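Trainee: Could you have a look at this structure, given as structure tokens, before my questions?
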Amino acid sequence: MSGAEYDDRQAIHEVVLRYCRGIDRLDMDLVRSTYHPDGIDHHTGFDGGIDDFLTWVEPGLRRLGGTMHLLANHLVDLDGDQAVAETYGQAVHWSEHRQGNFTTGFRYVDHLTRRDGRWAVSERWAVREWTHSETPGSLGTAVGPVGRRDRDDPLYLALARLR
Amino acid sequence: MSGAEYDDRQAIHEVVLRYCRGIDRLDMDLVRSTYHPDGIDHHTGFDGGIDDFLTWVEPGLRRLGGTMHLLANHLVDLDGDQAVAETYGQAVHWSEHRQGNFTTGFRYVDHLTRRDGRWAVSERWAVREWTHSETPGSLGTAVGPVGRRDRDDPLYLALARLR
Amino acid sequence: MSGAEYDDRQAIHEVVLRYCRGIDRLDMDLVRSTYHPDGIDHHTGFDGGIDDFLTWVEPGLRRLGGTMHLLANHLVDLDGDQAVAETYGQAVHWSEHRQGNFTTGFRYVDHLTRRDGRWAVSERWAVREWTHSETPGSLGTAVGPVGRRDRDDPLYLALARLR
């Protein structure tokens, strides 16, 4: 691997990591910086541009005591100024008493592009895999991307668009 | 670290990551590609070669609604064309209703080798650490590698064979 | 990124990974090797130097059946011979029957320094985020660093000292 490819991979990984730091520390500017200005987000209960996403997500975060978005498996298909990254994660949301009460397993399937030397998200599918709640009924009924185990999984759709 | 060592480490990490992608997306060819043809797997309830492993594991996966194998801590001891990688993980298995119902903590202790330029698993110990089930009784009684906190842990046995 | 910076980042990540291997395998020498001799640790229920930390932590670990400290998100701000690393983690502690019974979400906020070519922890804040216990009442009432979502979070305090 060339040094340039290593730098691309490091920059792409940091985009996803900084997104989570922004969400968990309520630093919305940091969250915004991980998308291009015309970036699109598909979330459970939301579908639209980054500006609208921030308006939608921040009040929900503020109603919670805190969140922790752990990131795990991170695999990148890199193609010049474009990339598809799949990142596994587990998000814990708690109320003010710091007892874990609502956990989700997800994958971020990200289409990233490099513009003027900066890697950022052009389009994200926040794919829900599973949920666990200690307070039944709290999950709501919002819909959004869900994981599949065939070639219609959002990962394969994003990779197909890359190639 | 030399560029060659970096490439080896990246290739080894991707072997373990692609294994999980294959399992979670039911892509058995991808799973197979992460072992050498004579690769051996030691799992809870299974002990044998990669072909038999695939025959054993696929029906169990298909009976589930889905799985998510999160990988975390990854430490590699590299020695030329051989390596021992320890990778921590947490696997969530759910039924068709997407409620997490059976979770395991594990470590993959992998003896990897490079043959004709390709890194793949020669022998894996899938070491079970803990389990949690929301449906009591579902864990079964199968046996397999378990973690220890002395020098008989599978990690140290694999490292001893490397050195 | 230069090769030297890559080596620094790899060495810093391994410090945190080896700490967890040491704790989970009860290898106290390995734990000790990840701190400088005058290293400081701030933990839930402990505040002091590395020697006292080891004396404090080992009996508690031995009373358990086992532990697994999964590490996830790892972001490093590097400044010459100093660095601040934030590492997300989830620790599972179990009794002898290998049923997960007490889990914590945490962040290690580490001030690391390089001395004589060796990166190690100079000061650690083990920041507790959330806890989950299957055996109510087992968490105790010890105090220590906790996460915040404003600029008084231990991460920002450590970064401010770096800059």
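Throughout, read-outs are computed from the coordinates displayed, never taken from laboratory work. Keep in mind it's a predicted model, so treat the numbers as computed, not measured. Cβ sites come from the backbone with ideal geometry, for glycine too, and all protein chains shown count toward neighbours.
Trainee: Could you list which residues have their amide H under 5 Å from that of B:GLY45, counting only those 5 or more apart in sequence or on another chain, with H placed in the peptide plane?
Mentor: Correct list: B:VAL143, B:GLY144.
Trainee: Grab the DSSP H runs of chain B that are 4 residues or longer, score each as -39,500 (n - 2.57), total them, divide by all residues and round the 222 nm result to the nearest 500 deg cm²/dmol.
Mentor: -9500 deg cm²/dmol
Trainee: Whose amide H sits under 5 Å from the amide H of C:GLY66, counting only residues 5 or more places off or on another chain, with H placed in the peptide plane?
Mentor: C:TRP94
Trainee: So what is the relative contact order for chain B, in percent, with contacts set as C-alpha pairs under 8 Å and at least six apart?
Mentor: Relative contact order, chain B: 20 percent.
Trainee: As an exercise, find the ratio Rg/Rh for the range A:1-61 from alpha-carbon atoms, using the Kirkwood inverse-distance average for Rh.
Mentor: Values: Rg = 13.3 Å, Rh = 12.5 Å.
Result: Rg/Rh = 1.06.
Trainee: Please average, across the residues of B:67-78, the number of beta carbons from any other chain that are within 10 Å of each residue's own beta carbon, and give a whole number.
Mentor: Other-chain Cβ atoms within 10 Å of each residue's Cβ, averaged: 6.
Trainee: Whats the longest run of chain A with zero GluC sites (Glu not before Pro) that are DSSP loop and have at most 13 other Cβ atoms within 10 Å? Walk me through the numbers on the way to the answer.
Mentor: Details: sites that count: A:GLU96, A:GLU134.
The reported range is A:1-95.
Trainee: Would the range A:61-124 count as rounded, prolate or oblate if I go by the C-alpha gyration tensor, calling it rounded below 1.5 in a/c and otherwise prolate when a/b exceeds b/c, oblate otherwise?
Mentor: Values: a/c = 4.19, a/b = 2.35, b/c = 1.78.
Prolate.
Trainee: Extent of the range B:17-163 along each principal axis, from alpha carbon coordinates, in Å, largest to smallest?
Mentor: On the principal axes, the range B:17-163 reaches 47, 36, 24 Å in Cα extent.
Trainee: Label the protein assembly as shown by shape, choosing from rounded, prolate and oblate, from the square roots a ≥ b ≥ c of the eigenvalues of the Cα gyration tensor; if a/c is under 1.5 it is rounded, and otherwise prolate applies when a/b is larger than b/c, oblate when it is not. Write out the running numbers ahead of the final one.
Mentor: Details: a/c = 1.11, a/b = 1.00, b/c = 1.11.
Rounded.
Trainee: Continuing with this model, one more query. Using the Cα centre as the reference, give the magnitude of the dipole from point charges on the C-beta atoms of chain C (Lys, Arg: +1; Asp, Glu: -1; all else neutral), rounded to the nearest 20 debye.
Mentor: The calculation lands at about 340 debye.
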